[in-house]
Amino acid sequence: MNAAQQDRSAEWVQIHPLIVRIAHWVNALAVLVMVTSGWRIYNASPLFDFRIPGAVTLGGWLGGALQWHFAAMWLLAANGLVYVVYGIASGHFRRKLYPITFGAVLHDVLAALRGKLAHHDLSVYNAAQRTAYVAIIVAGVVLVFSGLAIWKPVQLQELTALCGGYEGARVVHFAAMAVVVLLVLAHLAMVILVPRTFPTMITGRARRV
Ligand code: HEM
């Protein structure tokens, strides 16, 4: 490598490990399939006084939607497990998502709402991002466990009881889905506002500031 090449490569830093990038995109696909097929399942026996427009659901009918839901469930659970175990064991969560202080979250959320949230150093998540990512991860775990409670309410009766029984587990499952969908919409809005972050989740690299 000559001096000029060395100079250029020195400007780039690795900010997202490969395993996080793969897990992120597999998760995005699994969540899309789970949510849209879940909406079709919901329509077959709505918990609340509304239905989800058929055009945004997957599976066509209850049987088809259940097949999509069960297929993507293994992808979501296995991929999520890899991501969470890696995140804890490697220190990735500690480095990227910790600490989160109330003051910093308030400051960053207010700044984001005013369109004034600076995100110069892409290797560091701001407090609003950290909170959103931790909330997405927790809601994802709740989704998987409440889903298991609905799927096997007899075999996993302790889990189902923990969720407040079968009907309770349905409400918990729906609420966790709503939290994930709202956070993902906010997440996508932030990516659109700071498009420089998008390629970093593909290549893993960002230019040093
Ligand atoms: C097409 C859809 C999506 C796009 C374009 C997208 C984009 C991104 C980008 C660019 C980052 C890095 C942000 C930065 O460096 O500042 C990121 C991180 C992240 N995204 Fe997404 N995302 C999508 C879907 C999702 C979904 C569906 C979830 C979860 C349900 C999710 C959860 C996360 C999490 C947890 C991180 C932090 C990863 C880590 O560092 O461990 N994303 N996303």
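Here, each number is a calculation from the coordinates, and none is a lab measurement. None of the values given here were measured: they were computed from a predicted structure. Cβ placement follows ideal geometry from the backbone for every residue including glycine, while neighbour counts extend to all protein chains displayed.
Structure notes:
- Rounded to 10°, Cα long-axis angle of helix 102-113 versus longest principal axis of the chain: 90 degrees
- Chain lengthening between Val56 and Leu159 when straightened (0.36 nm per residue, less Cα-Cα): 34.0 nm
- Axis of helix 165-193 versus longest Cα principal axis of the chain: the two differ by about 30°, to the nearest ten degrees.
- Surrounding net charge for Phe70, when Lys and Arg each add one and Asp and Glu each subtract one, Cβ distance under 14 Å: +2
- The label point for Leu29 and the one for Leu75, both projected 7 Å from the Cα toward the Cβ, are 0.5 nm apart.
- Packing around the peptides 186-196, 26-36, taken as the average count of other Cβ atoms within 10 Å per residue, puts them in this order, highest first: 26-36, 186-196.
- For the pair Arg196 and Leu182, the difference between a 0.36 nm per residue extended length and the Cα-Cα distance amounts to 2.8 nm.
- The chain, helix-only ellipticity at 222 nm - DSSP H runs n ≥ 4, -39,500 (n - 2.57), divided by all residues, nearest 500: -23500 deg cm²/dmol
- Packing here is the average count of other Cβ atoms within 10 Å per residue, and on that basis the peptides 128-134, 178-184, highest first, run 128-134, 178-184.
- Against the main long axis of the alpha-carbon atoms of the chain, helix 18-44 sits at an angle near 30°.
- Judged by the ratio a/c of the largest to the smallest principal axis of the C-alpha gyration tensor, the range 38-134 counts as oblate, that ratio being 1.5 or greater while a/b is no larger than b/c.
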